[in-house]
1. Hey, does segment 141-160 have a residue that's at pLDDT below 90, surrounded by fewer than 16 Cβ atoms within 10 Å (Cβ to Cβ) and not in a helix (DSSP H, G or I)?
2. Hey, residue 285 hits all of (1) without any contact (Cβ under 8 Å) to a residue 24 or more places away in the chain; (2) out of contact with any helix residue (DSSP H, G or I) (no Cβ under 8 Å at 6 or more places or on another chain) but one; which does it fall short on?
3. Go through 350, 399 for me and flag whichever is closer than 26 Å to residue 247 by Cα and either touching a helix residue (DSSP H, G or I) at 6+ places or on another chain (Cβ under 9 Å) or modelled with pLDDT under 95 (or both).
4. Please go through segment 288-307 and give me each residue that is buried (at least 18 other Cβ atoms within 10 Å of the Cβ) and either on the phi > 0 side of the Ramachandran plot or touching a residue at least 60 places away in the same chain (Cβ under 8 Å) (or both), ordered by number.
5. From the list 232, 242, exactly one residue is buried (at least 20 other Cβ atoms within 10 Å of the Cβ), assigned to a helix (DSSP H, G or I), modelled with pLDDT of 90 or more and out of contact with any strand residue (DSSP E or B) (no Cβ under 7 Å at 6 or more places or on another chain). Which is it?
6. Can you give me the number of residues within segment 86-139 that are assigned to a helix (DSSP H, G or I) and either at positive phi or free of Cβ contacts under 8 Å to residues at least 24 places away in the same chain (or both)?
7. Does segment 377-388 contain any residue that is in a helix (DSSP H, G or I) and over 30 Å from residue 78 (Cα atoms)?
8. Of the numbered conditions (1) on the phi < 0 side of the Ramachandran plot; (2) surrounded by 15 or more Cβ atoms within 10 Å (Cβ to Cβ), residue 377 satisfies every one except a single condition; which is it?
């Protein structure tokens, strides 16, 4: 590496990482928009709560199916090509969704989007592990979540505003075209490794990718850390990408626009908390204290948000912000699982954790939809099921239970002290 290249390396590293991370912004925007167009979706697809819940579940199933294979492919082929193809898949899925005329087409389109989205987070994390020193990983982990949650925020309130001005299907087609442009940018800017550095995919110390996968999946700590993450993450897509707006409109009697805004604050909380938890963990040289703080704070916040009667809109905004803020503490778990396994299998280990996260995200919207159907009293308007405030209060009890279980798991996870293998 010549002197000029070495001098410009930090700028190059940040440029490449930010372009790769922009896919995570785009992926989250695509993930949450069904929450804003829920009623239009139900009318257009002639579907009830259970069927619509499975539309969003299809996204997370596609996401989950590709997590471990995606991590292995990233370890083998590098982020540049795979992030390019994955972004194109997301764009294709968005366009198909906009053109869907029945529930099956919508499910297929969301599954395709989920397949592509699976590479967004782990791709950015692999780039971080290759272009930055180990003591920056938790901070970068937090920053990527901030970028993703910023996409989720824009997918809520601003997207909801656009839907009131333009036809929702047209907006989603535009999102698909934006994805095509982003794929081209990723291909021309992102590089897999710094100049002159040996590519880790060619230096796995004689251990095959599949052997590395077996080490990861047979490790008790892998399962405990991943399960913790899945339980902590599940409430966010359940509220932010599916049921949160409808819950507020039904139980609090507020307008759709106001409900969209309140739910969008969830992602602001994530965006603020993620880098702070990451930096805090790096600073104290420990991983578990931030995870404890996150779980405990998230449990209190979600209980206040769901069950404090006659809460003002300002109170709901505050509860939602702090719920997102404390939930973001779970991102430190990515550092735990990466530090528990060899660097050459960082994509595979991160993919393993994210697949469990995704299964939690897939289960939560469907569980809430199923509980709504169970408690439903049979009321319909224009052929659509109408769920009462009591139905929502009962169904949403799923969310604090998820967070409580994550808190119970934490004592069994080993501290890594910010040291990689």
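1. No, there is no match, as no residue in segment 141-160 is at pLDDT below 90, surrounded by fewer than 16 Cβ atoms within 10 Å (Cβ to Cβ) and not in a helix (DSSP H, G or I).
2. Unmet condition: (1).
3. Numbers: 350 fails: closer than 26 Å to residue 247 by Cα.
The match here is 399.
4. Our first condition is that a residue be buried (at least 18 other Cβ atoms within 10 Å of the Cβ); within segment 288-307, this holds for 288, 290-291, 294-295, 297-299, 301-302, 305-306.
Correct list: 288, 291, 294, 295, 298, 299, 302, 306.
5. Details: 242 fails: modelled with pLDDT of 90 or more.
232 is the lone residue from the list that is buried (at least 20 other Cβ atoms within 10 Å of the Cβ), assigned to a helix (DSSP H, G or I), modelled with pLDDT of 90 or more and out of contact with any strand residue (DSSP E or B) (no Cβ under 7 Å at 6 or more places or on another chain).
6. Step one: list which residues in segment 86-139 are assigned to a helix (DSSP H, G or I), which gives 86-99, 103-131, 134-139.
In the following step, the residues that additionally are either at positive phi or free of Cβ contacts under 8 Å to residues at least 24 places away in the same chain (or both) were identified as 96, 104-105, 109.
Within segment 86-139, residues that are assigned to a helix (DSSP H, G or I) and either at positive phi or free of Cβ contacts under 8 Å to residues at least 24 places away in the same chain (or both) number 4.
7. no
8. Status for residue 377: all satisfied but (2).
The values are calculated or read from the model by the stated rules, or taken from the named source; none is laboratory data. On a predicted model such as this, the values are computed, not experimentally measured, just so you know. FYI the Cβ positions are ideal-geometry reconstructions off the backbone, even for glycines, and counts take in every protein chain you see.
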